[in-house]
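> A single structure is presented below for examination.
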Amino acid sequence: MPRTDPTDNGGLFVGRRPGTAPVKYRALPKRGTRRRQRVDNGASVAILALMVFVCLLFFGPIPVAWLWIASRVQYGLDSVSLAIFVGFFGMLMTLLLGLRVLRRLDLTWILVRRAAGVDQREGVMTRVFAYSAVLAAILFSGWLLLFAGLGPTLAPGQ
């Protein structure tokens, strides 16, 4: 009987791509001692905090750093086109590297949670990224309204 369930074949009805089979966990994880569970829970919280930190880097420091590098290229070589290329290419490669780091942290988080005795089967990378995007938007809006250009426009001094 052919497998046509989208969850069995990676969303394709023609067969699964190699290496994309769903992860099958053998059994529920065994609970360790209380001390071991506390250590594993603490490690999972630390990994989660690191994931949030990496996600927040996507919305400020990484783009600003590459814009600064691009400005240095433009100043040094007097070529706007090359500066734009260097800025965007560097930013894209750095963001892709950051996503790889996030994925590794997510897989490590799953393993640490399972080591703590939690039946963890899915990661939190997408939720962390979404919440970080909302947090970055709120922080940016606050900065824009309170400290940057819109403050004087909304409440002119004289």
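> Please work out how much accessible surface THR94 shows to a 1.4 Å probe, ignoring ligands, DNA and RNA, in Å² rounded to 10.
Roll a 1.4 Å probe over it and THR94 shows about 40 Å².
> What is the mean projected area of the alpha carbon convex hull for the range 75-132, to one decimal in square nanometres?
Average of the hull's projected areas for the range 75-132 equals 5.5 nm².
> Could you look at the range 25-121 and say what percent of its accessible area is carbon and sulfur, using a 1.4 Å probe and all protein chains?
Reported share for carbon and sulfur atoms: 68 percent.
> Turning to a different aspect of this structure: May I ask you to list the trypsin sites (Lys or Arg not before Pro) in the range 102-146 that are in a DSSP loop and have at most 14 other Cβ atoms within 10 Å of their Cβ?
ARG121
> Hey, if you put +1 on the Cβ of every Lys and Arg and -1 on every Asp and Glu Cβ in the range 28-158, which of MET51, ALA65, GLN120 ends up farthest toward the positive end of that dipole?
Most positive-ward Cα: GLN120.
> Which value in nm describes the separation of the simple spin-label points at LEU139 and MET93, placed 7 Å from the Cα toward the beta carbon?
It works out to 2.6 nm between the two label points.
> Which length gain, in nm to one decimal place, applies between THR108 and LEU77 when the Cα-Cα distance is subtracted from 0.36 nm times their residue separation?
Length gained between THR108 and LEU77: 6.8 nm.
The values are calculated or read from the model by the stated rules, or taken from the named source; none is laboratory data. All values reported here derive from a predicted model rather than from experimental measurement. Virtual Cβ from ideal backbone geometry, glycine too; neighbours counted across all protein chains shown. Each accessible area value is taken on the protein alone, full model and side chains, heavy atoms only, with ligands, DNA and RNA left out. Shrake-Rupley method; radii C 1.70, N 1.55, O 1.52, S 1.80 Å.
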